[in-house]
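Report on the structure given below.
The values are calculated or read from the model by the stated rules, or taken from the named source; none is laboratory data. Nothing here was measured: the structure is a model prediction, and the numbers come from that model. Here the Cβ is made from the backbone with ideal geometry for all residues, glycine too, and neighbour counts use every protein chain on show. Only protein heavy atoms, including side chains, enter the accessible area calculation; ligands, DNA and RNA are left aside. Shrake-Rupley method; radii C 1.70, N 1.55, O 1.52, S 1.80 Å.
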Amino acid sequence: MMISSITADDLFLLSGQSNMDGYTTTGQSLTGNADYWIAMKSILTNGDSNMTDQLYDVIYKANSSRKNGTEGVASTLTNELMHLYNQGLLNDLDTPLKFGKCSFVTPKKNINNELKQVSGGSVPTSWDSNCGYSFGHEFMLSRTLELQMGMNESSTTFEMVKHSRGGTSIYKHWYPGIGEHWQGLQQTIRERTGHGNNWKGLIWHQGSQETNSLKRFGEDRSLTYLGNMTGLIRQLRQEMYAASESGTWQCKEEIPVVVVQLGYWPNQRRQETAQRVRDAQAEYCSNDPKSQLVQSNDLSRNFHYDAASFLVTGNRIAHAYQAALKGEVVCPGDETSQPQQVISSYKPSSSKSTSSQPSLRPSTTLTSIVTPTTTIIHPPGDKTTDDEPKLLPFASASETKRIATIFDGTYRNFGFMLDIRTKKEITIQGIELNLHGNSDYAVEVYTKMGSFKGSESDEEAWELWYNGTVTGAGLDSESCIGKCGAKERTDDDDDDDDDDDGDMRLLLLDLPANETRALYVSFQEAVLVYSSNDDDENNDTSLDFENDDVELYADGGVKQKGWDGKVVHPRLFNGALTYETKRSGEII
């Protein structure tokens, strides 16, 4: 079937990490050299009657060092290659394509840490055209488009523009406005604006770095892969839409996207995180009508795909692209015309701010709230004695104040440690958190005098302040423990469960003036959302959050599950404290 939407001077953006680069004939390939590919190509060229058995033997031998599923992989790859051969896609492999071109742009850094681009230029596509360290998806993708799907009927060319680099993760390297390679990726799109060029699709293959992010960064970035990939693709579509001729697409959402799912992962210790990345990639494609997922878990058992696997995935991508073209999307009403300018940056997650970057400086205006008179809360069966802390009524007609950081995080983890410093005597009444979800979550809140630094794993140094549940309000919304802002939670709010204290009960925490106090919020699930704060610009103490009463330090620490969990700082707390400078009662 012919792809009717492809026209002259079409550009396809191929991006991601090493398997997008391609390592089929290099020292980092499955066999460490080009012998495997040369032997396979020779069998396909000769076309002997027993070529099926010959292909199987070559593929099996190359994969024999992989202990898991070698026979199944060899059978799958042999059958797939024979299918491509019978379709005429593996004939004349040494002849470059007539219309299909490719180019390779890999971002690098010089000694001054400045972003540079290295490109081999645009050349006719062939297995040895050097559009990568060796060929990758672009080889069979281009052959399928030209030889099978109608591209040979055009008198002009189409180009696979590869801009990728091995060992990269979305947030650190590719995320709009943040990733160190984003500027170069953006430039690759923009410099091809005009001259009849039109961007016709995005092919994305990446994800393995997120499987090891816990060890490398102290943060499990597989948990935020879906959100980060969503933000990246949204902005890439915007860039490609703006760089194409008017009328090519009605809106950016029409641009087809093909995601190559993370394949088999040979490192058994990362199976859980690898599956989370796969699930995130599948979820994105299932929710986007112009996106298609290409599975590859049945192919190569090596970190870098072998030559046979790249022939198969290239063909799968071509068919997935054709399916994505057929997807139906309703364009937003304000995006049916060409934008006047290209958006230069994109915020990592939805923010209350309208600026191009998330603001780290919140308003320090104090919110004054008149609170009603309440009664002491005693759940059924409460047996507190006069020697134990009691929940006291909030002061009648008292002035309540709130200090907040930001609710704009892109990471989530199990716990967070935060230092605060009082300027006046205050009483903390509630905590607001940024949670990734809307369920009820078990939570513990600890406190200690002095900074958390130096006591991250010392359970004896901390005092349990709250043990209960909190109901998630969803990402970038305020999930409340205790009394937050104008909202006070009481047991009366839970008519159906008399035994559930949940987040309705919070002991008041009296703090004297001029004291440093640490708070530690701990969950059993990785639902606590926070922000990165690890570049030099954000380490300045001027970015702390403060008013006349209290200061929240920006250099908090994110903590893995349990007291022995690793702590990484500086990280930025997403949340707020509700407090009073004076109140009528005392803890007795």
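Given the Cα atoms of the range 179-318, and with Rh set as the inverse mean 1/r over their pairs in the Kirkwood sense, what is Rg to Rh to two decimals?
Working: Rg = 16.2 Å, Rh = 16.3 Å.
Result: Rg/Rh = 0.99.
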Listed residues 192, 571 arranged by accessible area, highest first, probe 1.4 Å:
192, 571
Please calculate the 1.4 Å probe accessible area of residue 241, with all protein chains present, and give it to the nearest 10 Å².
10
Not counting ligands, DNA or RNA, and with a 1.4 Å probe, what is residue 466's accessible surface area in Å² rounded to the nearest 10?
10
For the range 290-296, just list the computed ³J(HN,Hα) in residue order, Karplus coefficients 6.51, -1.76 and 1.60, θ = phi - 60°, integers in Hz, with x standing in for Gly and Pro.
9, 10, 9, 9, 10, 7, 9
For the residue 469, residue 423 Cβ pair and Förster radius 30 Å, calculated FRET efficiency rounded to 0.05 is 0.40
To the nearest 10 Å², what's residue 303's accessible area with a 1.4 Å probe?
90
Under 5 Å between amide H atoms, partner at least 5 residues away or on a different chain: which partners does residue 244 have, H built in plane at 1.01 Å?
199
Among the listed pairs 172/290; 108/162; 401/561; 172/252, which have their C-alpha atoms separated by more than 21 angstrom in this model?
172/290; 401/561; 172/252
